[in-house]
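Visitor: Can you read through this structure? Questions will come right after.
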Amino acid sequence: MTTAYFLCRSVTHAQKIDRLLKFNYIQSSIERPERNITQSSCVYAVAVSDVFLGEAIEVLKRKNVLPVKLIISETGKPAREVFI
Amino acid sequence: MIYLDNAATTLIKPPRVKRAVLEMFDKCGNSGRSAYESSMTASDVIYTARERAAKLFGVEEPEEIIFTSNATQALNMAIKGIAKKGSCIISGYEHNSVVRPINSLKEKGIECTVAKSKLFDWNDCIRAFRAGFKSNTEFAVCTHVSNVFGYILPIEEIDELCYKKGIPLIIDASQSAGTLPVDMSKLKAVVCVCAPGHKGLYGPQGTGILVCRKGIKLNTILEGGTGSLSESFTQPEFMPDRFESGTMNAPGIAGLAEGISYVLEKGEESIFVHEKDLIDYLVSELSKMQNIRIFSSVRRKKQGGVISFISNKFDCEKIGKLLSIEKIAVRSGFHCAPLAHYTAGTNKGTVRVSVSDFTTADEVETFLCKLKKIIE
């Protein structure tokens, strides 16, 4: 399974992204991922299935609401950063 | 009790406000600390409140809304956050929540010019501001509506003056939020708007809002845990976290969200018209009473839902006490605004009557009857 994580600077930032995606009918959820994904502590992220990733990036770019980082996590593989 | 002290706090709130607060008591954890259900419940209700407040105050981003414990805290954050050196200018009708923090800045060498002007005189107010600007004026503060007299100051014109001078303006919307539009998208010099949650926005006590325009860098007066950048020893630079340290008053903000919702649904204009009609009636009836001097504007558009009067029969404190015995709540004295009283010449204080959207004509009628018995 592949999940995309839009890493956020705060819970407010995460909520902004999450609501924007939901408003555009993109399924998303706010999480606190483990350190191997965030490389830091206490980080909020908005998780999106890779199926919707392209659309999600388009929505965020269009509204100029960008995450701090985009991390892709695939089962059995190390998490990797993708530059938007 | 007939409650006519809404300028202090609105006692009667929309039922949804209380429901929201009570619901949060059992459901909300600490916002921004985790992602489990109760923490996110708190975060969600706070974000909803931000969105509604952003809509009310005409800002694009919810992050431009900072929640405080009251307008006094918001004003302290704005004033002390913006002040660096030089001087500032304020109107002659400011509350102590503006005057006292500015006085405390005198130790840092920041001077203050008071643009004193006649009550209910917009031309004189604009003239005073224009005359009061100095070469080193760093910022301006102006109340939108006087908490003593209900005087609606010409903030649009003052905003224009400040904009031409390149002077940032802070607005104290304590008595206007919820009844008069304070639309930051239409105000050019305004960098901050400060408002209590518990007056015209019908939220609980312990809530307030600082609207801080995007891109404005304010110094902080309070630093601490924000739930963000937790590995850093320094305060975040981004909003709203920079100004929201410590545990937020989530139940209070939940109530405030519902209060703002009430105002947005009802419309500020509808609320203002209701209050204005009551004040107009008060003015006309008080004018007929002997031994009373009222402070009201001939031009009704210059006065909000607050009115002050004095009597030559009793001092204001005695009138307040006698009304209290009759189960009528008004406020007597200086209303934490000695500057406003000294500017208007009411050096012994006044009796202040202030209405809300929930005040009825019957209550005003009963107040007038009781007052007449006391005074005449």
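The values are calculated or read from the model by the stated rules, or taken from the named source; none is laboratory data. Since the structure is predicted, the reported quantities are computational estimates derived from the model, not experimental observations. No Cβ is skipped: glycine too gets one built from the backbone with ideal geometry, and neighbour counts run over all protein chains shown.
Visitor: Working only within region B:264-282, note down all residues that are surrounded by fewer than 18 Cβ atoms within 10 Å (Cβ to Cβ) and not acidic (Asp, Glu).
Guide: First, the residues of region B:264-282 that are surrounded by fewer than 18 Cβ atoms within 10 Å (Cβ to Cβ): B:264-267, B:269-270, B:273, B:277, B:280-281.
The answer is B:264, B:266, B:267, B:270, B:273, B:281.
Visitor: Another one. Anything in region B:217-264 that is of a type in the set (S, T, N, Q) and in contact (Cβ under 8 Å) with a residue 40 or more places away in the chain? List them, or say none. Steps first, answer last, please.
Guide: To start, the set of residues in region B:217-264 that are of a type in the set (S, T, N, Q) comprises B:219-220, B:226, B:228, B:230, B:232, B:234-235, B:245, B:247, B:249, B:261.
Within region B:217-264, B:219, B:220, B:226, B:228, B:247, B:249, B:261 meet the criteria.
Visitor: Any idea which of (1) closer than 24 Å to residue B:200 by Cβ; (2) surrounded by fewer than 23 Cβ atoms within 10 Å (Cβ to Cβ); (3) touching a residue at least 24 places away in the same chain (Cβ under 8 Å) is the one residue B:326 doesn't satisfy?
Guide: (1)
Visitor: Just to verify a result, which residue in region B:40-61, among those that are in contact (Cβ under 8 Å) with a residue 12 or more places away in the chain and more than 15 Å from residue B:261 (Cβ to Cβ), is nearest to the other protein chains (Cβ to nearest Cβ)?
Guide: B:43
Visitor: Answer yes or no as to whether residue A:81 is under 28 Å from residue B:242 (Cβ atoms) and away from chain B (no Cβ under 14 Å).
Guide: Working: under 28 Å from residue B:242 (Cβ atoms): yes; away from chain B (no Cβ under 14 Å): yes.
So residue A:81 passes the test.
Visitor: Yes or no: residue B:231 touching a Ser or Thr at 6+ places or on another chain (Cβ under 9 Å), loosely packed, with under 14 Cβ neighbours inside 10 Å and within 14 Å of chain A (Cβ to nearest Cβ)?
Guide: Working: touching a Ser or Thr at 6+ places or on another chain (Cβ under 9 Å): yes; loosely packed, with under 14 Cβ neighbours inside 10 Å: yes; within 14 Å of chain A (Cβ to nearest Cβ): yes.
For residue B:231, the condition - touching a Ser or Thr at 6+ places or on another chain (Cβ under 9 Å), loosely packed, with under 14 Cβ neighbours inside 10 Å and within 14 Å of chain A (Cβ to nearest Cβ) - is met.
Visitor: State yes or no: is residue B:351 among the aliphatic types (A, V, I, L, M) and at pLDDT below 95? Quick ask: steps written out before the conclusion?
Guide: Values: among the aliphatic types (A, V, I, L, M): yes; at pLDDT below 95: no.
So residue B:351 fails the test.
Visitor: Let me ask something additional. Looking only at region B:76-90, which residues are hydrophobic (A, V, I, L, M, F, W, C) and in contact with a Pro (Cβ under 7 Å, 6 or more places away or on another chain)? Please lay out each step first, then the result.
Guide: Within region B:76-90, the first condition is being hydrophobic (A, V, I, L, M, F, W, C), and the residues that meet it are B:77-79, B:82-83, B:88-90.
Once the filter is applied, which keeps residues that are hydrophobic (A, V, I, L, M, F, W, C) and in contact with a Pro (Cβ under 7 Å, 6 or more places away or on another chain), region B:76-90 yields B:79, B:82.
Visitor: Considering only residues that are within 12 Å of chain B (Cβ to nearest Cβ) and of a type in the set (S, T, N, Q), look in region A:1-20 and name the one that is nearest to residue B:65 (Cα to Cα).
Guide: Selected residue: A:12.
Visitor: How many residues, within region B:331-376, are within 19 Å of the chain's Cα centre (by Cα) and in a helix (DSSP H, G or I)?
Guide: Of the residues in region B:331-376, 4 are within 19 Å of the chain's Cα centre (by Cα) and in a helix (DSSP H, G or I).
Visitor: If I filter region A:21-45 down to residues being in contact (Cβ under 8 Å) with a residue 40 or more places away in the chain and within 11 Å of chain B (Cβ to nearest Cβ), which single residue comes out as surrounded by the fewest Cβ atoms within 10 Å (Cβ to Cβ)? Spell out the reasoning first.
Guide: Initially, region A:21-45 is screened for residues in contact (Cβ under 8 Å) with a residue 40 or more places away in the chain, giving A:33, A:36-37, A:45.
After this cut, where a residue has to be within 11 Å of chain B (Cβ to nearest Cβ) as well, the list is A:33, A:45.
Values: A:33: 18, A:45: 28.
Per the stated criteria, the residue is A:33.
Visitor: If you don't mind, there's one more thing I want to ask. Please specify each residue of region B:265-284 satisfying the condition of being among the charged types (D, E, K, R) and within 20 Å of the chain's Cα centre (by Cα).
Guide: Initial filter on region B:265-284 (among the charged types (D, E, K, R)): B:265-266, B:268-269, B:275-277, B:280.
Those that are among the charged types (D, E, K, R) and within 20 Å of the chain's Cα centre (by Cα): B:266, B:268, B:269, B:275, B:276.
Visitor: Just need a number here: residues in region B:160-176 that are under 22 Å from residue B:208 (Cβ atoms) and assigned to a helix (DSSP H, G or I).
Guide: Residues flagged as under 22 Å from residue B:208 (Cβ atoms) and assigned to a helix (DSSP H, G or I) within region B:160-176 amount to 0.
Visitor: On to the next question. Out of (1) part of a loop (DSSP other than H, G, I, E, B); (2) within 21 Å of the chain's Cα centre (by Cα); (3) within 14 Å of chain A (Cβ to nearest Cβ); (4) of a type outside the set (Ser, Thr, Tyr), what's the single condition that is false for residue B:35?
Guide: (2)
Visitor: Could you list all residues from region B:240-256 that are within 14 Å of another protein chain (Cβ to nearest Cβ) and either at pLDDT below 95 or assigned to a helix (DSSP H, G or I) (or both)?
Guide: Of region B:240-256, the ones within 14 Å of another protein chain (Cβ to nearest Cβ) are B:240-245, B:247-248, B:250, B:253.
Selection gives B:241, B:242, B:243, B:250, B:253.
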